[in-house]
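Presented below is the structure to which this report refers.
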Amino acid sequence: MNNGTDFESALKELEKIAEKLESGEISLDESIKLFERGMELTNECRKALDGAKQRIITLTEAEKEVENDD
Amino acid sequence: MEIRAVTVKQLNLYVKSLLEGDMRLQSVAVTGELSNFKRHYASGHLYFTLKDESAAVRCVMFRSFASGIPFEPEDGMRVVLVGRISLYEKDGQYQLYAEQMLPAGVGELALKFEQTKAKLEAEGLFAPENKRPIPKFPKKIAVVTSNTGAALKDILNILSRRWPIAEIILCHASVQGQLAVPEMLEALDRIYALGTAELIIIGRGGGSAEDLSEFNSELLARKLYDSPVPVISAVGHETDFSISDFVADMRAPTPSAAAELAVPDRFEIYDRLDKYQNLFKARLNSRYAYCSAKFSAVETSPVFKKPLNIINSRAEQTDRTADRLLNAVYTLVDSFEARLLHESVRLDALSPLKVLARGYTVAAKDGKTVSDIDGINVGDDITLSFPNGRAVCKITEKEKLN
C-alpha cells in the first residue's frame, strides 16, 4: 500500500468492524475473523502513513509533470 | 432665416435634460482633490469643488448621503466621488451630485471590489448551495501560488507534517502585479487539463490591499467558479475577504490554515488506529473470556464429572418404579381374591345341595329334571334325589293344578 491507500473507505470499514464486534451477536469464529481483518487494516494504514514521503510535482508551462527530488 | 429666442430658463432646462438623459453621466466615479469644502450649517448638505491640476467641477452632496462618509472630509484630500451629473438652472453650472465619497487609492479599489462583488453575487457565484465539500483524504492537491513566496513554504511544511501521503502538484503563478491574473488563469487551466488533482489551494501571504487586489479579479473568480474540483482560497489577511475567497468552496484566513483545512492530521489518524486496535483486542478478549467461562461451566458440570451419577439415579428410579408396579399387581391380586371369596359365598347359597338340605327333592325322568307335571305320565319311573342318596319311584297318580 502507498499513496493509493483509500483511508476513507478503510476507516469506514474499521468503524463497521468495531460495531459488529460490539454487538456481540456473532460467533467466536466470526469475531476472530473480524479481529484479524481489523488488525490487518489498521496496520496497513499505519504503514502507509509511516513510510510516506511527500511527492512534489511541478507543473511547467509545457504541461508536463516534472518530479522534484527533495 | 429666423432665429426664435428662448428664455434663459428654457435653455438651462433643455441642457439639464440632455445631461440627465445621458445614462453614462447618471452613474459616474470621479477622482480628484477636495477644495472649498463647506458644510451648510442648517441643511447639513455639503458644497465643494473637486479639482485636479487643470480642471475643476462643482459638487453637491446632500445630507442623507453625507452621513455615510466613513471619514471627515477636508480641503486638499484626494477622494473618489460616485454620483450623477446634472445642471443647476439658477446659475447654469453643471454639478456633480455625489452619493458616495471614498478616500482615493483605496477608495477606487474598494469601489471596484464592491461592484465586482455585487455583480458576481447577483449571478450566484457565491451561492452556498454551489459550495462543494473538501475531500477528507485528498490524494493529489494542486497548489497555485508564487514559487518564491513564503506562502508556498508554509503550505508545504504543513502538508508534509500532517499528511505526507498526498501528492502535491505545484503550479507557479505571480500573485501580484500585472502578470498575476493571466498567470493564475493559465495555472488553473493547466491543472484543469491535467485532471488529476482532487483539490486546489490558491493564495498568497499577507500584503497591502493593493498587493492583494489581483485576487479580486472578476476573470479569476469566474475561472475558480468553473473549477472541476473544490478550491480553498487563502489570500493574505485574516480579516479582509477577497473576491476569490467568496467564490472558493472554502476560505482560509492564511495559506497555513488552507493547508490545515486541506488534509487530515496523520497523528490524529494514528490515534484513531490505536483506538481501533485496542477496541478490537478488548472485544476479542471479552468474547474469549465469555466463551471460555461458558466452556468451563459445562466442563465442571456433574454430568461430565460423575457420569455414573446419572445412571445410578436412573437405576434407582427404575427400581422404585418396579416396586410400585409390583405393589400394584399385589393389590390387584388381593382385590381379586376378596371378590372371589365373596362370589363363592353367594354361589354356595344357591347350590342345589343346599336346597335339598332344606327338605326339597329334585325329580328326574330319564336323567332330566322334571319341573312340569306334563312331563310325566302315570306308570313312569322317576328318580328323586336327596342330599345323601336317591330313590326310584313309580307314578301312580297325577293331578294337574290350574
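The values are calculated or read from the model by the stated rules, or taken from the named source; none is laboratory data. Nothing here was measured: the structure is a model prediction, and the numbers come from that model. Glycine also receives a Cβ, built like all others from the backbone with ideal geometry; neighbour counts cover every protein chain displayed. The accessibility values were calculated without ligands, DNA or RNA, using every heavy atom of the protein model including side chains. Shrake-Rupley method; radii C 1.70, N 1.55, O 1.52, S 1.80 Å.
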Please compute the average number of Cβ atoms from other chains found within 10 Å of each residue's Cβ in peptide B:167-178.
3
Share of chain B's accessible area from carbon and sulfur, percent, 1.4 Å?
56
Probe radius 1.4 Å, ligands and nucleic acids left out: can you give me the accessible area buried at the B-A interface, summed over both chains, in Å² to the nearest hundred?
3700
Using only the alpha-carbon atoms, what does chain B span along each of its principal axes? Please give whole angstrom values in decreasing order.
205, 71, 46
In nm, to one decimal, how far is the B:GLU299 label point from the B:ARG339 one, both placed 7 Å along Cα→Cβ?
6.2
Could you work out the pair-distance distribution P(r) of segment B:167-291 from its alpha-carbon pairs, with 10 angstrom bin width and percents rounded to whole numbers?
12, 37, 22, 10, 9, 7, 3, 0
So what's Rg/Rh here for the protein assembly as shown, counting alpha carbon atoms and using the Kirkwood radius for Rh?
1.76
Determine the shielding of peptide B:285-298 by partner chains: average, over its residues, the number of Cβ atoms on other chains within 10 angstrom of each Cβ.
2
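Evaluate peptide B:269-282: per residue, the Cβ atoms of other protein chains within 10 Å of its Cβ; return the mean as an integer. Present the calculation step by step, with values, prior to reporting the outcome.
On the way: counts 7, 5, 0, 5, 11, 2, 3, 10, 8, 0, 6, 13, 3, 2.
That works out to 5 on average.
Heavy-atom accessible area per residue, the protein assembly as shown, 1.4 Å probe: how many Å²? Can you show the working numbers first?
Numbers: 29540 Å² over 472 residues.
That works out to 63 Å² for each residue.
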Please find the FRET efficiency linking B:LYS281 to B:ALA193, where r is the Cβ-Cβ separation and R0 is fixed at 51 Å, and quote it to the nearest 0.05.
0.55
If each DSSP helix of 4+ residues adds -39,500 (n - 2.57) and the sum is divided by the residues in chain B, what number results at 222 nm, nearest 500 deg cm²/dmol?
-14000 deg cm²/dmol
For segment B:100-139, just the Cα atoms, rotate onto the principal axes and tell me the three extents in Å, largest first.
47, 22, 10
When the Debye formula is applied to the Cα atoms of segment B:225-378, each taken as the same point scatterer, what base-10 log of I(q)/I(0) results at q = 0.13, 0.17, 0.18 Å⁻¹?
-0.96, -1.11, -1.14
Estimated FRET transfer efficiency (A:THR60, B:GLU33; beta-carbon r; R0 45 Å; 0.05):
0.40
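Dividing the alpha-carbon radius of gyration of segment B:62-187 by 2.2 N^0.38 Å (N being the number of residues), what value is obtained?
On the way: Rg = 23.1 Å, N = 126, 2.2 N^0.38 = 13.8 Å.
Against the empirical 2.2 N^0.38 Å value, I get 1.67 for segment B:62-187.
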